[in-house]
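Okay, so here's the structure we're looking at.
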Amino acid sequence: MLTERYVTVALDVPLPQCFDYLLLQGEVAVGERVVVPFGRQTLSGVVLAVHGETPQVAKLRAVESIPGDMPALPSDVIALCRFCADYYAYPIGAVFAAAIPGAFRQAQPWPGFEAAMAYVAPDVEALLAALSPRAHKQRALALQLAQPLAVEAIRAVAGDAMRWVRDWQESGLVVQTRQSAVALQCAPSASPALNDEQAAAVAAVNAAQGYSPMLLYGITGSGKTEVYLQAIAATRAAGHQALVLVPEINLTPQLEARFRARFPGEHIVSLHSGLADGERVRGWLAAGEGRAGIVLGTRLAVFTPLPRLGLVVVDEEHDPSYRQAEGFRYSARDAAVYRARLRDVPVLLGSATPSLESWRNAQEGRYRLLTLRQRAVSGAMPPKIELVPIQRARMVDGFSEYVLAAMRSTLAASGQVLVFINRRGYAPVLSCHECGWISSCKHCSAKLVLHLAERRLRCHHCGYDIRVPLACPDCGNHDLKPLGHGTQRVEAVLAELFPDANVLRIDRDSTRRRGALGEMLRQVHAGEADILVGTQMMAKGHDFPGLQLVVVLNADTGLFSVDFRAEERLFAQLLQVAGRAGRAGKPGRVLIQSMYAEHPFYHALVAGDYAEFADAQLTERRSLALPPYAAWAVLRAEAKQLASALDFLREAASLLAGYPVHVATPVPAAMARKAGWERAHAVISADARPPLQAALRLLAAHYAEAAPRGVRWALDVDPQEF
DNA sequence: AGCACGCCGACT
DNA sequence: GTCGGCGTGCTC
């Protein structure tokens, strides 16, 4: 008797459930994709079950087609996606959609499919028998087809070899198959000698059996990357694949170059959002077919199928960019740890300033702590961090005399200076010194930022953009002046103060053009720039051998934030910029201008002692029952009227009345108005995970069923910013 | 999220 | 007269 077959499909729609379809013909495995009718549209979805149980739904429709271009997602990737959908209370189909390359979310088959396949002759003798004895090239190809052969390899035999293969395929002598799953194994090029601490760390990683989370805590310049490289060499020698996550796309090229130099001939795949669709699919397939030995990528790479995964590395694990800020708000760091657990492999988290979550896990023994205290680069010395109190100092355009003197002497000795601006909450706005008018956005509760070069005022949140007014709109005064010191203002001030110096500004605006950042970095390396002015992006990864002095202008703004994580972020950021100085044999000097030089925060910073800072922070968090000692989520709401957003949040709070969670009073968000929408949120907290999860599941299910009118809402589990 | 259906204002 | 505004309802 022929039983009917059904498939359960995860579709990319904002609904928490999966959808069942009748499978009339063809074969499909769990983890493959199918194209199905959905309402009036046709969508691609991932198959989560194939079964014979009649689904209890009013209307059942049939699978439209099985493209067959995407290899089935392995069970650990499926389990990871399911976990994320549950943990982040995010629609399951949307999680799967995020986990696979864009080409496989289309209803059409991936156009590069044919070229990515290989061909094999199941019976070479039969194929040879069908060929003319004089067709030497064909016979040579037939012999090669004993092993699966990629299209490029077939084309290399003869220009029209693919035509022969298609003929043979029609007569069943050759079949299409996936490329053979043999990863190249190659010895790494000579590795530098390790110091004792590095050697101990590598030995610990290599000795780890099964799931073993490790936190590699090492100051800037202590050689964390070398530990990764040597641990990966051992992983590769054992025939396993390594997954390496990096925070940002800008950092991949550098690290990729270092990996390629160390592992020549190795198939290294780099996966990030800047990749063209085809490239991403090819890399993803190479990883999933086991041909790639090392996968290097940004957060979405955490979902890459890896049949022989042996080690997971998360570099700069504290970095905020591991967290997706929009839509599917997941933490790739946490997902990587969960994945390592699913696959029962070691996971190495590295940082000079670990997240307090990881620090606590290490303190409580859940993560093994591997510490690198010494600088590995010979001759490198830690930078000398000095605080420059400015509450009574004479200031020249935002710079204290002391700092200017230090800059002058550094420049006189032909050293480079970096002026770092902590831009968070500190933008150059235009103000009227007569009546106090300040340029603000029509749609947001943000200030319009002055872009001097273009003579425009621009909102960094919604893109609202106007010409700089000639006079104050309120009182007509013509003397409008910038307030605060944005990068452009600082650049202008420095050009005036140091007319002989070459000032280079590196920020989002000046590097927007493709290749601009690379060109600027080249100028810095070539010594063509004397003073660099920059924001966050300067702090990350880039090495500036000539840099001798770092000046931090307005660190304090992060010190008194409503966001309890602001100090943690500021510490990481300042230590990271400090690390830019003095890496090439000369000790660097870091000057931090501050109104609050006595603040305990700066004690630990000047000592470069993250452990002291982290321990103090954890003590405080514990006493206040803040994360990581409590489970937090934020319910965010946006509406045209603030009152509707607040009403929605109050209603949601009442829904959770019976749950062992605490819902804080809804408050307007820090940026209360954005692009014409009023924003508010409510913190939902619990002393343990399970009750929080249960509450979030209820909320998500309730509002998916009955969408609130006029209110956009989102859940943010383990929120990082407020 | 799409994509329909549905019932009110200014245009060929 | 109808083109189109976006409110709300549904999708196996």
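So, R0 is 45 Å and r is the distance between the beta-carbons of A:S321 and A:A126; what FRET efficiency does that work out to, to 0.05?
It comes out at approximately 0.25.
What's the extension gain from A:N477 to A:F328 if we count 0.36 nm per residue and subtract their Cα-Cα distance?
The span from A:N477 to A:F328 would gain 48.9 nm if fully extended.
Can you work out the Karplus-derived ³J(HN,Hα) for every residue in segment A:543-555? Use 6.51 cos²θ - 1.76 cosθ + 1.60 with θ = phi - 60°, whole Hz, and x for glycine or proline.
9, 10, x, x, 6, 10, 9, 10, 10, 9, 7, 9, 5
Within segment A:585-643, report the trypsin sites (Lys or Arg not before Pro) that DSSP leaves as loop and that have at most 13 other Cβ atoms within 10 Å.
Here the trypsin sites (Lys or Arg not before Pro) that fit, given the DSSP loop and packing criteria, are A:K640.
Between the DSSP loop rule and a limit of at most 12 other Cβ atoms within 10 Å, which chymotrypsin sites (Phe, Trp or Tyr not before Pro) in segment A:512-616 are left?
Here the chymotrypsin sites (Phe, Trp or Tyr not before Pro) that fit, given the DSSP loop and packing criteria, are A:F560.
Could you name the lysines in cross-link range of A:K674, using Cα to Cα under 28 Å and dropping any fewer than eight places away on the same chain?
A:K442, A:K447, A:K481, A:K640
Local charge sum around A:L404 (other residues, Cβ-Cβ under 15 Å, Lys/Arg +1, Asp/Glu -1)?
-3
Under a point spin-label approximation (7 Å from Cα along Cα-to-Cβ), what is the A:L22-A:Q209 distance to one decimal in nm?
Computed distance between label sites A:L22 and A:Q209 equals 5.4 nm.
Taking chain A as the reference, fit the longest principal axis to its C-alpha atoms, fit the long axis of helix A:277-288 to the helix C-alpha atoms, and give the angle between the two in degrees, 0 to 90, nearest 10.
70 degrees
Which of A:A607, A:G415, A:P627 sits closest to the plus end of the dipole of chain A, meaning its Cα is farthest towards the positive end, when Lys and Arg get +1 and Asp and Glu get -1 on the C-beta?
Of the options given, the answer is A:G415.
Quick one, what does Rg over Rh come out to for chain A if you take C-alpha atoms and the Kirkwood Rh?
Taking Rh as the inverse mean 1/r over Cα pairs, Rg/Rh reads 1.00.
Go through A:P111, A:A146, A:S132 and say which Cα lies farthest out towards the positive end of the charge dipole of segment A:108-178; charges sit on Cβ, +1 for Lys and Arg, -1 for Asp and Glu.
Value computed over the given set: A:S132.
Show me the GluC sites (Glu not before Pro) within segment A:265-374 that DSSP assigns to loop and that have at most 11 other Cβ atoms within 10 Å of their Cβ.
Filter output for segment A:265-374: A:E326, A:E364.
Extension gain A:A657-A:Q523, at 0.36 nm per residue separation less the Cα-Cα distance, in nm?
Here the segment from A:A657 to A:Q523 would lengthen by 42.2 nm.
How large is the accessible surface of A:M595 in square angstrom, using a 1.4 angstrom probe and rounding to the nearest 10?
The value for A:M595 is about 90 Å².
Could you tell me the accessible area of A:K447 in Å² (1.4 Å probe, neighbours in place), rounded to the nearest ten?
100 Å²
Give me the percent of the accessible area of segment A:1-150 that comes from carbon and sulfur atoms, probe 1.4 Å, all protein chains in place.
55 percent
Counting only other residues whose beta carbon sits under 15 Å from that of A:R61, what net charge do I get with K and R as +1, D and E as -1?
Net charge in that neighbourhood comes out at 0.
Treating the beta-carbon of each Lys and Arg as +1 and of each Asp and Glu as -1, no other charges, what is the dipole magnitude of chain A about its Cα centre, to the nearest 20 debye?
In total the dipole reaches around 620 debye.
Hey, got the dipole for segment A:360-506? About the Cα centre, +1 on K and R Cβ, -1 on D and E Cβ, debye to the nearest 20?
Around 800 debye, computed over segment A:360-506.
Whole number in Å², please: accessible area per residue of chain A, 1.4 Å probe, ligands, DNA and RNA not counted.
I get 44 Å² per residue for this part.
Can you sort A:T619, A:T511 by solvent-accessible area, 1.4 Å probe, largest first?
Heavy-atom accessible area, descending, gives A:T619, A:T511.
How large is the charge dipole for segment A:249-368, taken about the Cα centre, if only the Cβ atoms of Lys, Arg (+1) and Asp, Glu (-1) carry charge, to the nearest 20 debye?
That gives a dipole near 260 debye.
Can you return the lysines within cross-link range of A:K384? Criterion is Cα-Cα under 18 Å, with same-chain partners fewer than 8 residues away left out.
List returned: A:K586.
Which of the three applies to segment A:648-722, rounded, prolate or oblate, going by the alpha-carbon gyration tensor with a ≥ b ≥ c and a/c under 1.5 meaning rounded?
oblate
Under 1.5 on a/c is rounded, so check that first for segment A:99-245, then, if it is not, pick prolate when a/b is larger than b/c and oblate when it is not; a ≥ b ≥ c are the square roots of the alpha carbon gyration tensor eigenvalues.
prolate
Under the rule a/c < 1.5 gives rounded, and otherwise a/b versus b/c splits prolate from oblate, where does segment A:497-555 land using the Cα gyration tensor?
Judged from the Cα gyration tensor, segment A:497-555 comes out rounded (a/c under 1.5).
Quick one: net charge of A:A203's neighbours, Cβ under 14 Å, K/R +1, D/E -1?
Surrounding charge for A:A203 is -2.
Just reorder A:H603, A:H443, A:H272 by solvent-accessible area, largest first, 1.4 Å probe, all chains present.
Listed by decreasing accessible area, they come as A:H603, A:H443, A:H272.
What ranking of A:K674, A:K586, A:K540 comes out by heavy-atom accessible area, probe 1.4 Å, highest first?
A:K586, A:K674, A:K540
The values are calculated or read from the model by the stated rules, or taken from the named source; none is laboratory data. Computed from a prediction, not measured in an experiment: that's the story for all the values here. Note: ideal-geometry Cβ built from the backbone for every residue, glycine included; neighbour counts use all protein chains shown. When the accessible area is computed, the model is the full protein with side chains, heavy atoms only, and any ligands, DNA or RNA have been set aside. Shrake-Rupley method; radii C 1.70, N 1.55, O 1.52, S 1.80 Å.
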